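Take a look at the structure set out below.
Throughout, read-outs are computed from the coordinates displayed, never taken from laboratory work. Bear in mind the structure is a predicted one, so any value in this text is a computation, not a measurement. Ideal geometry is used to build each Cβ from the backbone, glycine not excepted, and the neighbour counts take in all protein chains shown.
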Amino acid sequence: MCGYGRVMDAQPAAVEGGPLVVLEQVNKHFGELHVLQDINLTVNRGEVVIVIGPSGSGKSTLCRSINRLETIDDGTITIDGEELPAEGRPLARLRADVGMVFQSFNLFAHKTILENVTLGPIKVRGTSKAQARSEAMTLLERVGVANQADKYPAQLSGGQQQRVAIARSLAMKPKVMLFDEPTSALDPEMINEVLDVMADLAKDGMTMIVVTHEMGFARKAANRVVFMADGAIVEQATPEEFFTNPQSDRAKDFLSKILTH
Ligand SMILES: Nc1ncnc2c1ncn2[C@@H]1O[C@H](COP(=O)(O)OP(=O)(O)O)[C@@H](O)[C@H]1O
Ligand SMILES: [Mg+2]
């Protein structure tokens, strides 16, 4: 047992580096829909947190709020002790600190793989072209697509494109990486090549928040599973505890559905 709380209000035991991403009493509505309800979540430096839950439970909205692609109605979100800036340059800097990888690969179609990875560091971080190129090649090497550097996204498989998307995020030297169902648009044979890159990243100590239903990955790489339903965090536990002994009826019901496939 790792001491993670099984009830909604329990906070996890502190991991080495202390809190990096902290959400306190976060609420958000889309019109009548209360899409995030009193969310309290602390992700510690080096921690890997899996967010899991039924479709429509607010997982993507949670990720987008952390990156400020969505505004919140009330509560606070801090990254490394700093509250999310509303706009302008401070927001661009914050976004650079929070890497995000989406379900769709979102690469720039008319730029080469290498240009996709160097663009952010040059434009946002002010890195020199030569430095950005050299760092990009190291990252492309790391995700196993260095030999594709001069191609265009459409020439790559989905799995390769998603690995480039990861490299592109890493090029900004983010403090935390968010992944929103990064493998759900991939053909089955490409899922593992992306999950392997993510597992390596986790092993290297990257702080990660990952929305995924890939339980093998969760068991292998995650410190904690957060289960969401109807906009609220219903339950959190270690992967082992959560998958073998879910506490809430919502989690039991959800797991029974995904486990039968
Ligand atoms: N921009 C939006 N405007 C209105 N409703 C939205 C918007 N984005 C998401 N929603 C709704 O908010 C709820 C949560 O969506 P989402 O965060 O995408 O859930 P999940 O990622 O868990 O499937 C859903 O009911 C969805 O239809
Ligand atoms: Mg989603």
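Using Cα atoms only, what is the angle between the long axis of helix 249-259 and the major principal axis of the chain, expressed in degrees (0 to 90) to the nearest 10? Relative to the chain, helix 249-259 is tipped by roughly 50 degrees. Within straight-line reach of residue 28, meaning a Cα separation under 20 Å, sit the following lysines at least 8 residues removed in sequence or on another chain: 59. With the helix formula -39500 (n - 2.57) applied to DSSP H stretches of n ≥ 4, the chain reaches a computed 222 nm mean residue ellipticity of -10500 deg cm²/dmol. Look at 253, 38 and count the other Cβ atoms within 10 Å of each Cβ; fewest to most, that gives 253, 38.
Scanning the chain for GluC sites (Glu not before Pro) in DSSP loops with at most 16 neighbouring Cβ atoms within 10 Å leaves 88-261 as the longest stretch between them. Here the Gaussian network model covers the chain, with springs between Cα atoms less than 10 Å apart; of 236, 162, 37, 37 fluctuates the most. Label point 7 Å out from residue 71 along Cα-to-Cβ: which residues of region 16-43 have amide N under 20 Å? In region 16-43, the label zone of residue 71 (backbone N under 20 Å from the point 7 Å along Cα→Cβ) covers 23-39.
In sequence order, region 119-134 has phi-based couplings of 4, x, x, 5, 6, 9, 8, x, 6, 5, 4, 5, 5, 4, 5, 5 Hz under the Karplus curve 6.51 cos²θ - 1.76 cosθ + 1.60, θ = phi - 60°, and Gly or Pro positions carry x. Computed from phi, the 3J(HN,Hα) profile of region 153-160 under the Karplus parametrisation 6.51, -1.76, 1.60 (θ = phi - 60°) reads x, 4, 7, 9, 6, x, x, 5 Hz, with x in place of Gly and Pro.
Which length gain, in nm to one decimal place, applies between residue 33 and residue 192 when the Cα-Cα distance is subtracted from 0.36 nm times their residue separation?
That pair, residue 33 and residue 192, stretches by 53.7 nm at full extension.
Pairs of Cα atoms nearer than 8 Å and 6+ residues apart set the relative contact order; for region 175-261 it is 23 percent.
Here the translational diffusion coefficient of the chain follows from Stokes-Einstein with Rh set to the Kirkwood radius across Cα pairs; for 25 °C and 0.890 mPa s it amounts to 130 µm²/s. Where both bridge residues fall in the chain, DSSP classifies roughly 55% of the beta bridges as antiparallel.
Extending 7 Å from Cα along the Cβ direction at residue 103 and again at residue 123 yields two label points whose distance is 2.5 nm.
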